[in-house]
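What follows draws every value from the coordinates through simple rules; no lab data is involved. Since the model is a prediction, treat every value here as computed from it, not as a measurement. Here the Cβ positions follow ideal geometry from the backbone for every residue, glycine too, while neighbour counts run over all protein chains shown.
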Amino acid sequence: MSTSCSTSDHSRGQADALGLYVHVPFCETKCPYCDFNTYERIEHLIPAYVRALSIEISTWAALLGRPEVDTVFFGGGTPSYLPERHLADLMNTIRDAFSLSSSAEITLEANPGDAAPRRLDAYREAGFNRLSIGVQSLDDRLLALLGRRHDARQAVDALAAAIAAGFRNTSIDLIYGLPHQSIDDWRRTLDKAVGLGPPHVSMYALTLEDETPMARWAASGRLPTPDPDLAADMYEAAEETAAAAGYHRYEISNWARPGFESRHNLRYWRNETYLGVGPGAHSHLAGHRFSNLRSPRTYVKRMSAQPREHSLERPVEEAITAVPVVESVQKVDADLEMSETMMMGLRLDDGIAVEEFTRRFGRPPADFYGGQIDELGSLDLLDPSDGRLRLTDRGRLLGNEVFARFLLPAR
Ligand code: SF4
């Protein structure tokens, strides 16, 4: 079976407007489980960083012909660690540089300690209309273990203050499968969390990433290693509690009340286009995936040497490599785009619509992945009914094994 698509137009199936991810690589302290591209004790770089980021934003907007942006996501790191005036400046730069949709979803990730009423008002004035609060747990003992700077009370107060400040669209993050966390501990956090009523909740199992202090503590026996069976039970408890409280799971790790799904993150799972700015940020644009260099210091140096306005004359494919902080570029051919569409789309509870896939790639998924679909169906990992391909409950628990089967199309 040939794996080629009927057309080489790789923009099909992708929304016209762009999603913009803005990376903020600063944290007051680095949590011992975190392997994100973020750093403590480099606050002296903040003013130069904000200037460099503004140059990168303006450069891309000029190169792309000032496209419409309809989702913006400030992630990190801790975006709320930036002084309010810098957040406002960056939002002004985005508004000046791009055509920002009046209905854009504009998310700021915030730590509970950065949710004082004065700051929340400043976030709203800057234009943010969605606040994603890094709660992680509502158990003080476990928050201390995670090295978080807040306690459960502060997290609860932060959400209440956000709602009082007018943020209708809020989200909280929780982590489960923690060392020394029992299923009852987790159920208590779950009950409290849904009781707070944020319209969106993200819940992730702790993974011990290489080179993090927590991974070293586990390797040396100072901490117990996560128990995958217990984590699976906790995942089921999460779904039960969230469903009973009126949330629907729309992605493996994300639950929302209807209409409050993260529009920005849906772009990733639907394999649509987005631009990432800042050190280490990833982009998927014009048939390419590319990422920026990771060092904030080098990023500032290189971006600051860039003229603010860039020639509009070159094709986007060439422009990608002309931006001085872009470090690695991969062309997304039809096979890769299809493979990524399968792997990411299966994360969604709605899965992949066969009709949509066929429109995007010229032929139905079974023409490319018939063997995998049959096999995964017979193992009760994939449900290919109702014109969709979806993970089963069992498939959701073994998601990585399912995704791996679509790494490349069948030859
Ligand atoms: S606050 Fe978030 S981004 Fe910063 S170190 Fe902790 S987990 Fe990582």
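Over region 18-269, Cα pairs under 8 Å with separation of 6+ residues give a relative contact order of 17 percent.
The dipole here belongs to the chain: it is taken about the Cα centre, uses +1 on the Cβ of Lys and Arg and -1 on the Cβ of Asp and Glu, and is about 1120 debye. Amide H to amide H distances under 5 Å link Val24 with Gly75, Gly76, where only residues 5 or more positions off or on other chains count and H is placed in the peptide plane.
The ranking of Met303, Met343 from fewest to most other beta carbons within 10 Å of each one's beta carbon is Met343, Met303. Between Thr29 and Ala305, residue separation times 0.36 nm minus the direct Cα-Cα distance comes to 96.4 nm.
Amide H contacts of Val69 (H built 1.01 Å from N, in plane; Pro and chain starts excluded): Leu18, Ser99, Leu100, Ser101 sit under 5 Å, all sequence-distant by 5 or more or on other chains. Working from label points 7 Å from Cα in the Cα-to-Cβ sense, the Ser378 to Asp229 distance is 2.9 nm. With a Förster radius of 56 Å applied to the C-beta separation of Arg222 and Val316, the computed FRET efficiency comes to 0.70.
Here the Karplus relation 6.51 cos²θ - 1.76 cosθ + 1.60, evaluated at θ = phi - 60°, turns the backbone of region 231-243 into coupling constants of 4, 5, 5, 5, 5, 5, 5, 4, 5, 4, 5, 5, 4 Hz, with x for every Gly and Pro.
Treating each Cα of region 142-193 as one equal point scatterer and applying the Debye formula with no solvent, the log10 of I(q)/I(0) at q = 0.16, 0.21, 0.26 Å⁻¹ comes out as -0.54, -0.86, -1.13.
Put in line by how crowded their Cβ is, counting other Cβ atoms within 10 Å and starting with the fewest, Glu43, Glu251, Glu109, Glu318 read Glu318, Glu43, Glu251, Glu109. Derived from the Cα gyration tensor, the three semi-axes of the equivalent ellipsoid of region 18-269 are 31, 21, 17 Å, largest first. Computed from label points 7 Å out along Cα-Cβ, the spacing between Glu125 and Ala353 is 4.3 nm. Backbone phi angles across region 261-268, fed through the Karplus curve with coefficients 6.51, -1.76 and 1.60 (θ = phi - 60°), yield HN-Hα couplings of 4, 6, 5, 5, 5, 4, 4, 5 Hz in residue order; Gly and Pro are listed as x. Sorted ascending by nearby beta carbons within 10 Å, beginning with the fewest, Asp350, Asp114 become Asp350, Asp114.
The residues packed around Asn169, meaning those with a beta-carbon under 11 Å from its beta-carbon, carry a net charge of +2 if Lys and Arg are +1 and Asp and Glu are -1.
Treating r as the C-beta distance of His248 and Leu45 and R0 as 56 Å, the FRET efficiency rounds to 0.85. Distance from the Cα centre of region 323-401 to that of region 208-254, in angstrom? What the calculation gives is 24 Å, centre to centre. Near Leu391, the amide H atoms lying under 5 Å from its own belong to Asp383; only residues 5 or more places off or on other chains count, and H is placed 1.01 Å from N. Computed from the C-beta positions of Lys192 and Asp335 and an R0 of 51 Å, the FRET efficiency is 0.65 to the nearest 0.05.
Only DSSP H runs of four or more residues enter the estimate; each adds -39500 (n - 2.57), and after division by the residues of the chain the mean residue ellipticity at 222 nm equals -12000 deg cm²/dmol.
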